[in-house]
1. Do you know which residues across region 40-93 are in contact with a helix residue (DSSP H, G or I) (Cβ under 7 Å, 6 or more places away or on another chain) and assigned to a helix (DSSP H, G or I)?
2. Starting from region 26-53, keep only residues that are at positive phi and free of Cβ contacts under 8 Å to residues at least 24 places away in the same chain, then list their pairs with residues that are part of a loop (DSSP other than H, G, I, E, B) and surrounded by fewer than 16 Cβ atoms within 10 Å (Cβ to Cβ) whose Cβ atoms are within a distance under 7 Å, requiring at least 6 positions of separation or different chains.
3. Against the conditions (1) surrounded by 13 or more Cβ atoms within 10 Å (Cβ to Cβ); (2) free of Cβ contacts under 8 Å to residues at least 60 places away in the same chain, where does residue 84 fall short? Just the number, please.
4. In region 78-124, which residues are at pLDDT below 75 and closer than 16 Å to residue 11 by Cα?
5. Which is in contact with a strand residue (DSSP E or B) (Cβ under 9 Å, 6 or more places away or on another chain), modelled with pLDDT under 95 and farther than 25 Å from residue 115 by Cα, of 61, 75?
6. Looking only at region 20-39, which residues are within 16 Å of residue 7 (Cα to Cα) and assigned to a loop (DSSP other than H, G, I, E, B)?
7. Which residues, taken from region 1-41, are loosely packed, with under 11 Cβ neighbours inside 10 Å and closer than 18 Å to residue 60 by Cβ?
(Lines give C-alpha, C1' and ligand atoms only; values in the text may rest on other atoms or scores of the structure.)
Protein backbone atom coordinates (compact mmCIF):
# COMPACT_ATOMS: atom_id res chain seq x y z
CA UNK A 1 0.00 0.00 0.00
CA UNK A 2 1.35 3.43 -0.92
CA UNK A 3 1.13 6.76 0.87
CA UNK A 4 -1.77 7.36 3.15
CA UNK A 5 -2.92 8.49 6.56
CA UNK A 6 -2.74 6.33 9.67
CA UNK A 7 -4.90 7.34 12.62
CA UNK A 8 -5.14 6.71 16.34
CA UNK A 9 -8.16 7.75 18.39
CA UNK A 10 -9.17 7.63 22.04
CA UNK A 11 -12.34 9.47 22.95
CA UNK A 12 -12.15 12.88 21.30
CA UNK A 13 -8.36 12.78 21.11
CA UNK A 14 -7.00 11.84 17.71
CA UNK A 15 -3.63 11.71 16.02
CA UNK A 16 -3.09 11.30 12.31
CA UNK A 17 0.18 10.45 10.64
CA UNK A 18 0.94 10.95 6.96
CA UNK A 19 2.92 7.84 6.02
CA UNK A 20 4.73 6.71 2.89
CA UNK A 21 3.73 3.10 3.42
CA UNK A 22 1.02 1.34 5.44
CA UNK A 23 3.16 -1.66 6.32
CA UNK A 24 4.33 -3.20 9.59
CA UNK A 25 7.72 -1.47 9.46
CA UNK A 26 6.00 1.93 9.28
CA UNK A 27 2.90 1.52 11.46
CA UNK A 28 4.17 -0.55 14.40
CA UNK A 29 6.82 2.01 15.46
CA UNK A 30 4.12 4.71 15.49
CA UNK A 31 1.86 2.53 17.64
CA UNK A 32 4.63 1.63 20.10
CA UNK A 33 5.67 5.29 20.40
CA UNK A 34 2.15 6.71 20.80
CA UNK A 35 0.34 3.98 22.80
CA UNK A 36 1.23 2.61 26.23
CA UNK A 37 1.81 -1.12 26.57
CA UNK A 38 -1.38 -2.77 27.72
CA UNK A 39 -3.53 -0.36 25.70
CA UNK A 40 -6.57 -1.81 23.99
CA UNK A 41 -6.26 -1.37 20.24
CA UNK A 42 -9.20 -1.96 17.92
CA UNK A 43 -8.32 -2.49 14.28
CA UNK A 44 -9.27 -4.30 11.15
CA UNK A 45 -7.35 -7.45 10.29
CA UNK A 46 -4.63 -5.70 8.27
CA UNK A 47 -1.55 -8.01 8.41
CA UNK A 48 0.69 -5.17 9.64
CA UNK A 49 -1.10 -5.31 13.02
CA UNK A 50 -0.58 -9.05 13.60
CA UNK A 51 2.40 -8.43 15.91
CA UNK A 52 0.59 -6.13 18.38
CA UNK A 53 -0.33 -8.81 20.97
CA UNK A 54 3.27 -9.99 21.17
CA UNK A 55 4.32 -6.36 21.86
CA UNK A 56 2.11 -6.16 24.96
CA UNK A 57 -1.05 -4.60 23.52
CA UNK A 58 -4.58 -5.94 23.85
CA UNK A 59 -5.48 -6.25 20.19
CA UNK A 60 -9.13 -6.67 19.21
CA UNK A 61 -10.08 -7.02 15.56
CA UNK A 62 -13.03 -6.86 13.24
CA UNK A 63 -13.17 -8.45 9.80
CA UNK A 64 -14.71 -5.80 7.55
CA UNK A 65 -15.54 -8.36 4.89
CA UNK A 66 -17.99 -9.90 7.37
CA UNK A 67 -19.09 -7.10 9.74
CA UNK A 68 -18.52 -3.50 10.71
CA UNK A 69 -18.73 -4.56 14.37
CA UNK A 70 -17.37 -7.88 15.63
CA UNK A 71 -20.55 -9.60 16.92
CA UNK A 72 -18.65 -11.61 19.55
CA UNK A 73 -16.50 -8.85 21.09
CA UNK A 74 -18.11 -5.58 19.99
CA UNK A 75 -14.81 -4.49 18.44
CA UNK A 76 -15.26 -1.81 15.82
CA UNK A 77 -13.28 0.84 14.00
CA UNK A 78 -16.21 3.17 13.39
CA UNK A 79 -14.84 5.93 15.65
CA UNK A 80 -11.59 6.36 13.74
CA UNK A 81 -13.30 5.85 10.38
CA UNK A 82 -15.82 8.60 11.14
CA UNK A 83 -13.14 10.89 12.55
CA UNK A 84 -11.02 10.41 9.44
CA UNK A 85 -14.02 11.11 7.17
CA UNK A 86 -14.62 14.41 8.99
CA UNK A 87 -10.92 15.26 8.77
CA UNK A 88 -10.76 14.52 5.04
CA UNK A 89 -13.75 16.72 4.32
CA UNK A 90 -12.33 19.68 6.26
CA UNK A 91 -8.68 19.24 5.28
CA UNK A 92 -9.27 18.58 1.59
CA UNK A 93 -11.60 21.56 1.29
CA UNK A 94 -9.04 23.79 2.99
CA UNK A 95 -5.85 22.46 1.39
CA UNK A 96 -6.52 22.01 -2.30
CA UNK A 97 -3.19 22.29 -4.02
CA UNK A 98 -1.09 21.96 -0.85
CA UNK A 99 2.26 20.20 -1.00
CA UNK A 100 2.93 16.84 0.64
CA UNK A 101 5.29 18.62 3.04
CA UNK A 102 2.34 20.49 4.56
CA UNK A 103 -0.10 17.59 4.85
CA UNK A 104 1.15 16.52 8.31
CA UNK A 105 0.80 20.04 9.69
CA UNK A 106 -2.81 20.18 8.45
CA UNK A 107 -3.50 16.82 10.11
CA UNK A 108 -1.98 18.08 13.37
CA UNK A 109 -4.04 21.26 13.29
CA UNK A 110 -7.23 19.31 12.66
CA UNK A 111 -6.62 17.01 15.66
CA UNK A 112 -5.71 19.99 17.84
CA UNK A 113 -8.97 21.73 16.97
CA UNK A 114 -11.09 18.57 17.44
CA UNK A 115 -9.77 17.98 20.96
CA UNK A 116 -10.28 21.60 21.95
CA UNK A 117 -13.63 22.28 20.31
CA UNK A 118 -15.59 21.73 23.55
CA UNK A 119 -13.18 23.50 25.90
CA UNK A 120 -14.29 26.87 27.22
CA UNK A 121 -12.86 29.83 25.33
CA UNK A 122 -10.62 32.24 27.21
CA UNK A 123 -12.59 35.39 27.89
CA UNK A 124 -10.88 38.76 28.35
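1. Listed by number, the residues that qualify are 48, 55, 87, 90, 91.
2. Close Cβ pairs (under 7 Å, with a partner that is part of a loop (DSSP other than H, G, I, E, B) and surrounded by fewer than 16 Cβ atoms within 10 Å (Cβ to Cβ)) amount to 38/56.
3. (2)
4. Filtering region 78-124 down to residues at pLDDT below 75 leaves 92-98, 115-124.
Within region 78-124, 115, 116, 117, 118, 119 meet the criteria.
5. Values: 75 fails: farther than 25 Å from residue 115 by Cα.
Being in contact with a strand residue (DSSP E or B) (Cβ under 9 Å, 6 or more places away or on another chain), modelled with pLDDT under 95 and farther than 25 Å from residue 115 by Cα holds for just one of 61, 75, which is 61.
6. Across region 20-39, the qualifying residues are 20, 21, 22, 23, 35, 36, 39.
7. Within region 1-41, 11, 36, 37, 38 qualify.
The values are calculated or read from the model by the stated rules, or taken from the named source; none is laboratory data. No experiment lies behind these values; they were computed from the predicted model shown. A quick note on method: Cβ atoms are made from the backbone with ideal geometry, for glycine too, and the neighbour counts reach across all protein chains shown.
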